[in-house]
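Before any comments, here is the structure.
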Amino acid sequence: MPGASIACFLCLLALSSACYISNCSIGGKRAVIDSASRKCMACGPGHRGRCFGSSICCGEELGCYVGTMETERCLEENSLPSPCEAGGKVCGAEEGGRCAAPGICCDEEGCRVDWACSEGVAFSSSSSRSEGEEGAQTPRDFLLRLLHLVSRQPKRKVPQ
């Protein structure tokens, strides 16, 4: 009987896909999983944004929500086994973030103003532009447009 249990143990050991000290791949246990990234979960009003972290939801039309009710769905992202990739081109001082909204670069920890993210990205709302204007021309104009986008968000009704 001890021989059968040893043989069974060795068979299970050979069939398992765990990473042991002697046969770890260069990237570690999750190297194979990390190679296939997926789009991050949709979030925000009308699910028009994407999660950038557990409490960050950004979209080109929305701007960014940090730590609000719109980001609650992003908490689910932490429980998923595979990593996700959100946003546009790579940005940030250490190239660790992604363009999340016009002029905004976000990573898992937070968001920053990054002018590289405003290149070639236009606001989708034509009502916030005057005739012949191609986008934010000064930092002041750009910030005023962001404030305008935030103030246009519909008010939530409190359930009774």
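Values in this text are rule-based calculations from the coordinates and carry no lab data. Bear in mind the structure is a predicted one, so any value in this text is a computation, not a measurement. With ideal geometry, Cβ positions are generated from the backbone for all residues, glycine too; neighbour counts draw on all protein chains shown.
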Under Karplus coefficients 6.51, -1.76 and 1.60, residue-wise ³J(HN,Hα) of region 55-65 in Hz, glycine/proline x | 9, 10, 10, 10, x, 4, 7, 8, x, 10, 10
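Based on other C-beta atoms within 10 Å, arrange Cys64, Cys84, Cys43 from fewest to most.
Ranking Cys64, Cys84, Cys43 by Cβ neighbours within 10 Å, fewest first, gives Cys84, Cys64, Cys43.
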